[in-house]
Amino acid sequence: MGNRLNGFGVCSTEGKKACPVELTLHMIGGKWKGIIIDILSDQPVRFNELKRLIPGITQRMLTLQLRELEADGIVERKVENTLPRKVEYSLTEQGEKLYPIIAAMRMWGNQYLSKNS
């Protein structure tokens, strides 16, 4: 997670604390992170399955996004010592707490699309 707690601007009168809205947007921001979190909300998913479920994402980008989410404590990587090696990704407790935000974004997006189509 780096030094994000001090790296964002202040968005309230609380003083020197980082802006929680900016922090949250940084952690889920970008084209792919919200989609990854949405997919992992149902069950653990293997890397190749994630890649198949996200058309347009490259293997390199999926790897980078998963590493960032893992470093931020949102996603957990579980490696089973089998042949072939089985690697699954799932949401951590923090990731599960974050999911309602993604679900609200999905609902808003669906409403917007139905209203404007």
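The values are calculated or read from the model by the stated rules, or taken from the named source; none is laboratory data. Keep in mind that what you see is a predicted model, and the values were worked out from it rather than measured. We place every Cβ from the backbone using ideal geometry, glycine too, and count neighbours over all the protein chains shown.
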Count - residues of segment 47-62 that are within 17 Å of SER90 (Cβ to Cβ) and surrounded by 13 or more Cβ atoms within 10 Å (Cβ to Cβ): 7
Qualifying positions in segment 40-60 - of a type in the set (Asp, Glu) and either under 17 Å from TYR99 (Cβ atoms) or in contact (Cβ under 8 Å) with a residue 24 or more places away in the chain (or both): ASP42
Matching residues in segment 66-104 - criterion: being among the acidic types (Asp, Glu) and within 16 Å of VAL45 (Cβ to Cβ): GLU70, GLU76, GLU80, GLU88, GLU96
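In segment 68-103, what residues are of a type in the set (Gly, Ala, Ser) and under 14 Å from THR24 (Cα atoms)? Before you say what the answer is, go through the steps one by one.
Here is the first cut: in segment 68-103, the residues of a type in the set (Gly, Ala, Ser) are 71, 73, 90, 95, 103.
Of everything in segment 68-103, those that are of a type in the set (Gly, Ala, Ser) and under 14 Å from THR24 (Cα atoms) turn out to be GLY73, GLY95.
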Among (1) in contact with a Leu (Cβ under 9 Å, 6 or more places away or on another chain); (2) in contact (Cβ under 8 Å) with a residue 40 or more places away in the chain, the one test that ARG77 misses: (2)
Among the candidates ASP38, ASP42, residue that is part of a loop (DSSP other than H, G, I, E, B) and modelled with pLDDT of 85 or more: ASP42
